[in-house]
Amino acid sequence: MPFCIPDSHLAEFSGMATDERNGMTHCEAPPLSTLIDVHHHATLQVVTNKQEELGLTVPDWLPKWSPEIAVDRMDEIGTTASVLSLPTDLGFLPSSERPALIRAMNEELTRLVSEHPSRFGAFASLPMLSPDDATAEAVRALDELELEGICILSSYDGAYLSDPQYVELLAELNKRRAVVFIHPILVKEKVADLPPALLEGTFDTTRFATKMAAANAFERFPNIRFILPHTGGMVPYIKWRIAMYALQGDLWTTETDPADFDREIAKLDGLYYDTTLNLGPLQHLERPDRILFGTDIPWCSKTVLHLQRDKVFEQAAQLGPDNAEAIASGNALSLFPRLAERIR
């Protein structure tokens with residue numbers, strides 16, 4: 001996606017199989033009546049037009065996206081509908097110009113949904129560097145444009161959603177029981193000579209959840225349904241440590257009541273996780289009603305696209321008779337009633 005996902009995102013997939021199946025053995029996944037993808041990134045014409053207007057060159061290696069390409073990739077694995085998102089801070093623009101372009105982006109997303117009502121839903125973007133504008137656009141996107149939810153990066157210029165400047169935004173999202181899809185910041189520099197998107201994105205998602213827990217935001221705004229991508233980074237694995245930080249901050253020698261740990265961990269129970277690009281033990285760590293299917297189209301090869309689908313639902317079927325359908329569509333349709341109505 002031109003300039004909207006950093007260069008390092010490509011590195012997440014370097015070395016992975018290309019579009020050919022390469023002789024890999026793919027076990028048959030259980031049949032699914034409906035499959036909803038909550039992690040699918042669109043390229044929007046209004047953004048491309050602005051980049052061309054500024055004379056910005058689109059790198060050749062960026063994956064192509066169009067509604068037609070999207071539907072073709074979705075049909076590869078039998079996806080019924082995808083919730084589109086555009087995780088970007090529009091860093092190529094001065095901050096004063098970003099609210100107008102984000103409004104146009106959300107209007108284009110609305111048009112894509114109206115033109116393909118049974119195939120697409122969408123998360124609105126927000127101009128987070130201007131909290132007042134972000135709050136106003138969130139209200140417009142949810143109440144007037146009737147989009148499925150909001151897409152927010154984990155932080156903006158170092159400010160996380162737990163920052164006091166976003167209290168009014170959180171209050172409006174909480175009032176509307178909004179779904180908020182979080183996407184990590186992907187730094188450009190290698191860490192330990194490893195591609196940044198390989199690990200740093202998952203760590204950034206973990207930082208977001210830890211900052212929110214320390215600010216008690218999940219308890220203060222309990223009606224917001226947060227979706228953490230890539231199986232939540234490290235969150236499902238280190239809830240105990242997140243609770244410890246929420247209780248003790250930097251002073252780990254501070255005495256606490258053991259029961260407080262259970263209460264802090266319970267505050268994380270409302271989080272949702274998508275299965276995108278991390279075929280790990282998530283289903284052994286989280287309830288099936290908190291897991292959503294995701295692919296990261298167009299940032300994955302066809303081989304990985306099939307592999308994700310097959311392995312997620314093989315594991316789900318092994319763990320419980322209703323798990324596969326819950327992860328495939330039941331949980332998503334509960335979160336997105338407008339999309340559910342359109343695909344019935």
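When the dipole is taken about the Cα centre of the chain, and only Lys, Arg (+1) and Asp, Glu (-1) are charged at their Cβ, what size is it in debye, to the nearest 20?
On the way: 30 positive and 50 negative charges, 85 e Å.
That gives a dipole near 400 debye.
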For the pair Glu53 and Glu219, how long in nm is the line joining their label points, each one 7 Å along Cα→Cβ?
-> 4.7 nm
Using Cα centres only, tell me the gap between the stretch 122-139 and the stretch 277-328 in whole Å.
-> 30 Å
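Which of the peptides 51-59, 225-233 is most tightly packed, and how do the rest follow, going by the mean number of other Cβ atoms within 10 Å of each residue? Walk me through the intermediate numbers first.
Numbers: 51-59: 10.8, 225-233: 25.2.
In decreasing order of mean packing, 51-59, 225-233 become 225-233, 51-59.
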Charge tally for neighbours of Thr110 with beta carbon under 15 Å away, counting Lys, Arg as +1 and Asp, Glu as -1, is -2
Put in order of increasing Cβ neighbours within 10 Å, starting from the fewest, Glu146, Glu314 give Glu146, Glu314
Report, by chain and number, residues whose modeled amide H sits under 5 Å from the one on Ile185, excluding near sequence neighbours (fewer than 5 apart, same chain).
-> Ser154, Ser155
Whose amide H sits under 5 Å from the amide H of Ile150, counting only residues 5 or more places off or on another chain, with H placed in the peptide plane?
-> Ala124, Val179, Val180, Phe181
Ratio to report: Rg/Rh of the stretch 39-126, with Cα atoms as the point set and Rh obtained by the Kirkwood method; give two decimals.
-> 0.98
Values of log10 I(q)/I(0), in the order q = 0.06, 0.09, 0.12 Å⁻¹, for the chain under a Debye, Cα-only, solvent-free model | -0.20, -0.46, -0.85
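Would you compute, from DSSP H runs of 4+ residues alone, the mean residue ellipticity of the chain at 222 nm, taking -39500 (n - 2.57) per run and dividing by the full residue count, rounded to the nearest 500? Provide the component values of the computation, followed by the final result.
Working: 14 runs with 135 residues, N = 344.
Result for the chain, helices only: -11500 deg cm²/dmol.
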Inter-site label distance for Asp322 and Asn174 at 7 Å from Cα along Cβ, in nm = 3.0 nm
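How do Leu145, Leu35 rank when sorted from fewest to most other Cβ atoms within 10 Å of their own Cβ? Mind dumping the intermediate values first?
Numbers: Leu145 17, Leu35 23.
Lowest count first: Leu145, Leu35.
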Top positive-direction residue, dipole computed over the stretch 250-318 with Cβ charges, set Trp299, Gln283, Ile265 | Trp299
Extension gain (nm, one decimal) between Ser114 and Glu255, 0.36 nm per residue minus Cα-Cα | 45.2 nm
Any helix of the chain counts here only if DSSP assigns it H throughout, its Cα atoms span 24 Å or more along the axis, and its mean Kyte-Doolittle hydropathy is at least -1.0, and such helices are 98-115, 196-214, 302-319
Segment Gln45-Asp72, extension gain: residue separation times 0.36 nm, minus the distance between their alpha carbons | 7.8 nm
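Between Phe203 and Asp262, what is 0.36 nm times their sequence separation minus the Cα-Cα distance? Round to one decimal in nm.
18.9 nm
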Considering only the chain, what is the antiparallel percent among its DSSP beta bridges, to the nearest 5?
-> 10 percent
What's the center-to-center distance, using Cα atoms, between the stretch 78-95 and the stretch 183-245 in Å?
-> 19 Å
Name the residue, out of Asp72, Asp133, Asp60, whose mean-square fluctuation peaks in a Gaussian network model built on the chain with Cα pairs under 10 Å.
-> Asp60
Extending each Cα 7 Å along its Cβ direction at Glu144 and Glu97, get the distance between those two points in nm, one decimal.
-> 2.3 nm
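Every number here is computed from the coordinates shown, using simple stated rules; none is lab data. Computed from a predicted structure; not experimentally measured. Cβ atoms come from the backbone with ideal geometry, glycine included; neighbour counts cover every protein chain shown.
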